[in-house]
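The values are calculated or read from the model by the stated rules, or taken from the named source; none is laboratory data. Predicted, not measured: the structure shown is a model, and the values here were computed from it. Glycine also receives a Cβ, built like all others from the backbone with ideal geometry; neighbour counts cover every protein chain displayed.
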Amino acid sequence: MKRMLCLILATLCLGGCSLQENGSSGGEKTVVTLMYTDDLPNLEKLVENTYTDIDLQIERNTPATIDGEIERRLRNGHGSDIVASTLAAGDVLNYLADLSADDYISAYQSGIMHKISRDGKNYFIPLPAQYYGYIYNTTLLKEIGLDVPTTQEELFNVLKTAEEKNIGADENGAVFTTDGTPAVTATFAIATQIPDFFGLSEGIKWLDDMKNGKATFKGSLEPSLDMPLELIEKEYMNPQSFAAVTNAVPVLEKMRSGKLLMAFDNVTMLDNIRKDSEYEFDMLPILSSKGNPSWTVSTPTAFLGINKTLTESGNEEKLSACRKILALISTPEGQNAFMQDNGAAYSYLVDYTPTADIVPDGIEDCIENGYNYNISMSNDFMRYFGNRCNAVLCGQKDIDKAFSEIDSYMQNGDTHTATLIGTINHDMIVENYNVRLKETEIGNLISDAVREITGTDIAVVNGGSIRGSLYKGNVYSYDLEYVCPFENKIIVLEVNAEVIRKMLSNSLSAMVRDAQIPGGRFLNVSGLKYSFTPATDSSSAQLADVTLPDGSPLDENAVYTIAVTDYMAGISGYADNNGDGFTMLNVYSDDTPKAENVKLVSETEYTFQSILEKYIINHNNEEIASQIEGRITLVNENE
């Protein structure tokens, strides 16, 4: 078995079942639900072939918001049957069944199970892990004429040469990137200090002090940003990638097309980049600046538990089905199925032999020699730490301020107060990317709020900005932080009918993308109705008709006021998928032709979150309701 060196940053985290095939082929199947970030077709097939009376259904959600949304659903009685989380810690444990007595718990390495246990009990099993390192274009490296780097100094020399020769550079001149999301930024920052800090005496002492609540980030972990800051200073990496108002960097597209030489990411991303690209790619380990052997880092893809409500009387059949599924996942066959679906590369089973060569050649030596470090930290901490690091990297905060805020968070937790905003009279659920595909109650609610508060003729809300559900009953300030987490400001434009049609056509252009995740540009509307034909294998969805709410056509000679975000109007430009392609609304970006027949009327300080809060408060004498009204309809192509 390959030796693994584990550095578990635990201080940052806060009945038996045997595997037997079920031969039942008749009767109603037991439906088991699981919310996850990926489709899991191989796992679904394995489960349903092994247990013919079980129907495993996967609901997809975005990696950036899945943990928070899972916990909110559990609190409101909407949790999935099998619960996925990025870490076995936090409030989610209050909603999980105790698995300690289940036989399959013993199939996992005792080290990982000890680390994720709470008060001597196990509530989760770990899914296979991802290896992280530097993905690089081997074809372009050969074109540059340099050898594969083995030290951080050599790595910077490669990037310098690539920039000078404009090989593997994107439109901003960057030759290196991460996707810019807080979780990946946090992983990158911590990873660069293993073992250069955590393997040294001061790092070991820092970890011990952290366990006792004595250590601080400020004054100790600022070097975690040394490398990314140097990459930005030398202009090898674009600081705008880390701004909160920008999209995640499209690493897949840029690497696959040869527009980037290198990126920090994981093995799954490497596998996806290799598909349909004319270039060859490999992965480098993380390279030391202090002479230490190179290394990789890995994190469990997720942890799986069972919803505690299933232990209540009347749920015995579904509870049994969930335990059977976890037991099946805890076999080599189950691990292989998940790895095929997710691209994970390391199993925590005691007895596991990989069935395929899933470790990239470039990191194989450090894996074989035991230089793989496991980083385990809570999703909430990753988001907070990564957000503060991002703010430093894009120049919004100085490092002292950011790390002081991290220390405050570690000592006091999130200090946001839970202010009661109002009530709603029924659940408005975001699920299966519905706000990016069709009319929804929550999409209508938010677009109505924007239209009412801004006083415009029309308001539109891009589906990608709606990330969480609203639940029947009281609505608190923290609920709105989950529903609309982004900080883009709302502006008012004057546009004509032609611009409106172009805008809606663009909103339909990315309903099908890589990995079958619909694009976030799909528009929820107030003050308009529109219909569209569905996407096909050869074309995107097409706008069929657009009218005013009463069904009357748009006036071709009229000027309409419309509320949109400054993001759509080019405040962050349109490179790297920013602006979601709404160039027909561009009033800000100088890198793209300004829009015709568009006039900027006013800029507001409202975000979707703040405007929804004001709307609910304004209606505090009534229960907020929203219904499906036929604002957005699908045209049957066969009609």
Residues located in the range 535-560, provided they are in a strand (DSSP E or B) and of a type outside the set (S, T, N, Q): L543, A544, D545, V546, P553, Y560
Test: residue in the range 136-146 that is crowded, with 20+ Cβ neighbours inside 10 Å, under 28 Å from the mean Cα position of the chain (by Cα) and assigned by TED's automatic domain parsing to the domain that holds E230: yes
Scope the range 199-216; condition more than 12 Å from M410 (Cβ to Cβ), part of a loop (DSSP other than H, G, I, E, B) and polar (S, T, N, Q); matching residues: N212
Every pair of residues 6+ apart whose Cβ atoms lie under 7 Å, when the first sits in the range 235-246 and is under 14 Å from K160 (Cα atoms) while the second is small (G, A, S): E235/G173; Y236/A174; M237/A174
Out of L528, L543, L548, L600, sole residue that is closer than 30 Å to V475 by Cα and in the same structural domain as V460 (by TED's automatic domain parsing): L528
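On the basis of being surrounded by fewer than 18 Cβ atoms within 10 Å (Cβ to Cβ) and in the same structural domain as Q335 (by TED's automatic domain parsing), does A97 make the cut?
On the way: surrounded by fewer than 18 Cβ atoms within 10 Å (Cβ to Cβ): no; in the same structural domain as Q335 (by TED's automatic domain parsing): yes.
No; evaluated as a whole, the condition is false for this residue.
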Residue satisfying all of: in the range 421-443; under 24 Å from the mean Cα position of the chain (by Cα) and of a type in the set (S, T, N, Q); surrounded by the most Cβ atoms within 10 Å (Cβ to Cβ) among these: T440
Test: Q542 is farther than 25 Å from G180 by Cα and not small (G, A, S): yes
Unmet criterion (only one of (1) modelled with pLDDT of 90 or more; (2) more than 17 Å from T309 (Cα to Cα); (3) touching a helix residue (DSSP H, G or I) at 6+ places or on another chain (Cβ under 8 Å)) for N49: (3)
Hey, S298 touching a Gly at 6+ places or on another chain (Cβ under 9 Å), under 24 Å from I358 (Cβ atoms) and of a type outside the set (D, E, K, R) or not: no
Number of positions in the range 165-205 that are more than 19 Å from the chain's Cα centre (by Cα) and not aliphatic (A, V, I, L, M): 19
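Each row is one residue, and each column tells you yes or no for (1) in contact with a strand residue (DSSP E or B) (Cβ under 7 Å, 6 or more places away or on another chain); (2) surrounded by fewer than 22 Cβ atoms within 10 Å (Cβ to Cβ); (3) assigned to a helix (DSSP H, G or I).
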site: G305; (1), (2), (3): yes, no, no
site: T309; (1), (2), (3): no, yes, yes
site: S313; (1), (2), (3): no, yes, no
site: E317; (1), (2), (3): yes, yes, yes
site: C322; (1), (2), (3): yes, no, yes
site: E333; (1), (2), (3): no, yes, yes
site: N336; (1), (2), (3): no, yes, yes
site: M339; (1), (2), (3): no, no, yes
site: A344; (1), (2), (3): yes, no, no
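For every residue, the table says whether it meets (1) hydrophobic (A, V, I, L, M, F, W, C); (2) over 24 Å from E487 (Cα atoms).
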{"position": "T187", "(1), (2)": "no, no"}
{"position": "A215", "(1), (2)": "yes, yes"}
{"position": "E230", "(1), (2)": "no, yes"}
{"position": "L252", "(1), (2)": "yes, yes"}
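Kindly indicate whether any position in the range 253-267 is in contact with a Lys or Arg (Cβ under 9 Å, 6 or more places away or on another chain), surrounded by fewer than 18 Cβ atoms within 10 Å (Cβ to Cβ) and assigned by TED's automatic domain parsing to the domain that holds F385.
At the first step, the residues of the range 253-267 found to be in contact with a Lys or Arg (Cβ under 9 Å, 6 or more places away or on another chain) are 253, 256, 260, 263.
So of that shortlist, the ones also surrounded by fewer than 18 Cβ atoms within 10 Å (Cβ to Cβ) come out as 253.
Those still in the list that are assigned by TED's automatic domain parsing to the domain that holds F385 too: 253.
Yes, the conditions are met somewhere in the range 253-267.
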Count - residues of the range 476-510 that are surrounded by fewer than 21 Cβ atoms within 10 Å (Cβ to Cβ), over 24 Å from the mean Cα position of the chain (by Cα) and not in a helix (DSSP H, G or I): 3
